[in-house]
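Visitor: If you scroll down you'll find the structure; I have some questions about it.
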Amino acid sequence: MSAATARPPDKMAAALRAVVRLRLAGPGPGLVFTRSAFVARKHNYDQPNWFGVGLAFSTSAALWALLFKQHNEDVMEYERRKEERKHKCTGCS
Amino acid sequence: MAFLPEEARALPPPPLVNKVSAWLGAAGWAAALLGNGFSQRPVLTAGVHRQVLFATVGWVVGYFLAKRTEYIHAKQDREMFEYIRHHPEDFKTAGKKRIGELLEDFIPNR
């Protein structure tokens, strides 16, 4: 089908095919191979991502520590206010 | 309104192990397992660090949500009891009826 008689959708399809072929040809010299939404690669799970693992575990430990601290503070504050209320109503025994 | 106003600290805090935390922690863990499934990794044994992190985040969010829930309910209770206290005429308990008045008269059928 010559370009003269090609319909606009056909021309667009041909242009897309050309773009895909250029992309899959790989980066040329001097080009940076950036991540693209149109190129899919499989993850390589041979080497664990130790940085990510350490980050996740340390974040979890920090979150648990913060949670325990927050809970203990909440309990202390509640007990303190309970004592305060008792002294206000009944007076010091 | 703030997430937790100052007066919420006068309430007893929810226990560290509470229903909301357990549910959201389990939801976080399930999200990690789902991610494993979508990424075609072994569902239970892969990315344990991820499972632990997601479950932890769920547990922490659940604790604070439980605190806010308790506060909202306590506030509603306080407002409701205040209203009842200010409008006693609307909340009169009906006079106690004696059992003799409730039953029908006994007419022996002999």
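Visitor: What does the charge dipole of the stretch B:15-86 about its Cα centre add up to, to the nearest 20 debye, if the Cβ of each Lys and Arg holds +1 and the Cβ of each Asp and Glu holds -1?
Guide: With Lys and Arg at +1 and Asp and Glu at -1, about 140 debye.
Visitor: To the nearest whole number, what is the average tally of beta carbon atoms from other chains within 10 Å of the beta carbons of peptide B:97-103?
Guide: 0
Visitor: How tilted is helix B:19-38 with respect to the longest principal axis of chain B? Cα atoms for both, answer in degrees (0 to 90, nearest 10).
Guide: Tilt relative to chain B: about 40 degrees.
Visitor: Another one. Would you mind giving the mean number of other chain beta-carbons within 10 Å of the Cβ of each residue in B:24-34, as a whole number?
Guide: Across B:24-34, the average partner-chain Cβ count within 10 Å equals 0.
Visitor: Summarise the partner chain shielding of B:46-52 as one whole number: the mean count of Cβ atoms from other chains within 10 Å of each residue's Cβ.
Guide: Partner Cβ neighbours, averaged per residue: 5.
Visitor: Two decimals, Cα atoms only, Kirkwood Rh: what is Rg/Rh over chain B?
Guide: With Rh from the inverse mean 1/r over Cα pairs, Rg/Rh is 1.41.
Visitor: To the nearest 100 Å², how much accessible surface do chains B and A cover up together, summed over both, with a 1.4 Å probe?
Guide: 1900 Å²
Visitor: In addition: Tell me, what is the per residue accessible area of chain B in Å², probe radius 1.4 Å?
Guide: 76 Å²
Visitor: Considering only protein heavy atoms, what is the solvent-accessible area of A:Met76 at a probe of 1.4 Å, reported in Å² to the nearest 10?
Guide: Ignoring ligands and nucleic acids, A:Met76 comes out at about 140 Å².
The values are calculated or read from the model by the stated rules, or taken from the named source; none is laboratory data. Because the structure is a prediction, the values reported are computed rather than measured. We place every Cβ from the backbone using ideal geometry, glycine too, and count neighbours over all the protein chains shown. Areas reflect the complete protein model, heavy atoms only, side chains present, ligands, DNA and RNA absent. Shrake-Rupley method; radii C 1.70, N 1.55, O 1.52, S 1.80 Å.
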